[in-house]
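Colleague: Submitted below is the structure of interest, expressed as structure tokens.
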Amino acid sequence: MTIQWFPGHMAKARREVSEKLKFVDIVFELIDARLPLSSRNPMLDQIVQQKPRLILLNKSDLADINQTNQWLNYFRDQGHQVLALTAKDDKSVKQIVPASKKVLAEKIARDKDRGVKPRAIRAMVLGIPNVGKSTLLNHLAGKKIASTGNRPGVTKGQQWLRFGTQLELLDTPGILWPKFEDPAVGKKLALTGAIKDDLLHLDDLALYQLEIFCRYYPEQLKDRYKLTNEDLFLDFPELLMLISEKRGFRDDYERASEMLILELRQGKLGRYTLDRFEELSE
Ligand code: GDP
């Protein structure tokens, strides 16, 4: 699903999220582990404000493990609770309840002191399109979930999904817009499939992909396309031409670009992270 975001849509999305925030104890901010900065909504802090938050670096099964560990520390250093997540994986999803309890530890202790009976944590999932919100909700909704029906005050038709006895989730996630301003961010989002690539030239995207892989994942690129060490010293357009030739696409660079991007998205080039931790200070 790709949404075209216009100012009106953004205002509406923001309003809808703000409305729902009132009914939850905690927000699960879903980010793509391959893009820990680029896949965040630029106004999230303003929108979520003081509401407790758990950051989930989703699709961590596709991301570079070393980079993910550094990004986890980066978010922890900022005082956030954060998990590396694979939304389709049972074991991974199970970490969410204990992590949420950590985020809400003070509130839980306060309630206990006051003699308030403990209740399930109420949460909502928030993130840009394609980051895995529905996958996470559907996964949670597996066998264990019973819809708990409407609650007064929550948007009509809004349901709560119950995960075990300790967590309840709004059944519709908050969908927010990605960053647009920086062309490099646009390319990264398009490469991972977060935004439509028809606004960008395929060969531009593929050249960017080659640049990143030559720099950070040369072995993965060499293995996949049977390249030599010398090949990696070619200019990126020349490298694209070579790969095109090797795949039998001759001078159809458009087709070669499409193939490169598709294979990247299908995970055939191995794990990768496009937002580089070491470039943070640049
Ligand atoms: P939404 O737009 O945020 O609801 O995103 P979706 O849940 O529809 O997911 C977008 C795509 O990412 C789908 O093809 C999912 O199968 C895939 N996806 C979601 N979570 C994961 C994950 O943890 N790992 C992998 N490999 N793919 C995922």
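Colleague: In nm, what is the difference between 0.36 nm times the number of residues separating Asn66 and Lys112 and their Cα-Cα distance?
Modeller: Extending this stretch completely gives an extra 12.6 nm.
Colleague: Based on DSSP H runs of at least 4 residues, each adding -39500 (n - 2.57), what is the mean residue ellipticity at 222 nm of the chain after dividing by all its residues, to the nearest 500 deg cm²/dmol?
Modeller: -12500 deg cm²/dmol
Colleague: With respect to the cross-link table entries Lys22/Lys51; Lys51/Lys101; Lys188/Lys268; Lys12/Lys179; Lys94/Lys179; Lys22/Lys59, which display a Cα-Cα separation exceeding 20 Å?
Modeller: Lys94/Lys179; Lys22/Lys59
Colleague: Can you list the equivalent-ellipsoid semi-axes of the chain, largest first and in whole Å, using the square root of 5 times each Cα gyration tensor eigenvalue?
Modeller: Equivalent ellipsoid semi-axes, largest first: 40, 19, 17 Å.
Colleague: Ordering Phe180, Phe233 from largest to smallest accessible area (1.4 angstrom probe), what's the sequence?
Modeller: So the residues, ranked largest to smallest area, are Phe233, Phe180.
Colleague: Note down the relative contact order for segment 7-175 as a percent, whole number, built from C-alpha pairs under 8 angstrom at least six residues apart.
Modeller: 25 percent
Colleague: Taking the Cα centroid of segment 214-282 and of segment 17-31, what is the distance between the two, rounded to the nearest whole Å?
Modeller: 39 Å
Colleague: Straight distance only, please: which aspartates and glutamates reach the Cα of Lys107 with their own Cα at less than 17 Å, same-chain residues fewer than 8 apart left out?
Modeller: Reachable aspartates and glutamates: Asp25, Glu168.
Colleague: What's the whole-number percent of alpha carbon pairs in segment 7-175 lying beyond 20 angstrom?
Modeller: Pairs farther apart than 20 Å: 51 percent.
Colleague: To make sure I understand the rule: partners must be aspartates and glutamates, Cα under 15 Å from the Cα of Lys187, and not fewer than 8 residues away in the same chain. Which ones qualify?
Modeller: Correct list for Lys187: Asp32, Asp197, Asp198, Asp203, Asp204, Glu211, Glu258, Asp275.
The values are calculated or read from the model by the stated rules, or taken from the named source; none is laboratory data. Owing to the predicted nature of the structure, the values given are computational and were not obtained by experimental measurement. The protein model used for the area step is the full one, side chains on, heavy atoms only, and it has no ligands, DNA or RNA in it. Shrake-Rupley method; radii C 1.70, N 1.55, O 1.52, S 1.80 Å.
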